[in-house]
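For reference, the structure discussed in these notes is given below.
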Amino acid sequence: MKPHELESFVDELLLDKYDNEGKVRLAILSEGASASLLRYQTICAAGKRMRQGRLRQHRGKLAIFARSRVGFGLAKMYQMATEKIDPSEVRVLHGDGLESATQWLGISDLSENIQQLLEAVEQSAAKGLSIQVVH
């Protein structure tokens, strides 16, 4: 991920037209995800911008599932930057935490579909295809 890609992603999230109470989101940093071009300041700036998001204003939840240690570290930095009053709005999980993430978000019934999408994205990345974002 490059700085401009993170900024574009945050822009998209802040413009989210689905403004409803208790919305949940799941972000997955796949095994092959790279953030070597992101600086700490860039991640913190993105997190601070997300404090304004409708997700935060309406008590939504965001689970970030990182498949690598690097992704986990970056997600924890993002979590610290987004925290306002209630740190329970953002949860970062690692390793086998996908099931825990879907349970916490209340979308356990989608776990199998999410796992299949994740496997497809990681297989594409292993073949050298470009980044994929699934909405």
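The values are calculated or read from the model by the stated rules, or taken from the named source; none is laboratory data. For clarity, every value in this text was computed on a predicted model and none was experimentally measured. Glycine gets a Cβ as well: all are built from the backbone with ideal geometry, and neighbour counts include every protein chain shown.
Descriptive notes on the structure:
- Test: residue in the stretch 42-57 that is touching a strand residue (DSSP E or B) at 6+ places or on another chain (Cβ under 8 Å), under 22 Å from MET1 (Cα atoms) and at pLDDT 80 or above: no
- Per the conditions (1) buried (at least 16 other Cβ atoms within 10 Å of the Cβ); (2) polar (S, T, N, Q); (3) at pLDDT 80 or above; (4) closer than 20 Å to PRO3 by Cβ, the sole criterion not satisfied by THR102 is (4).
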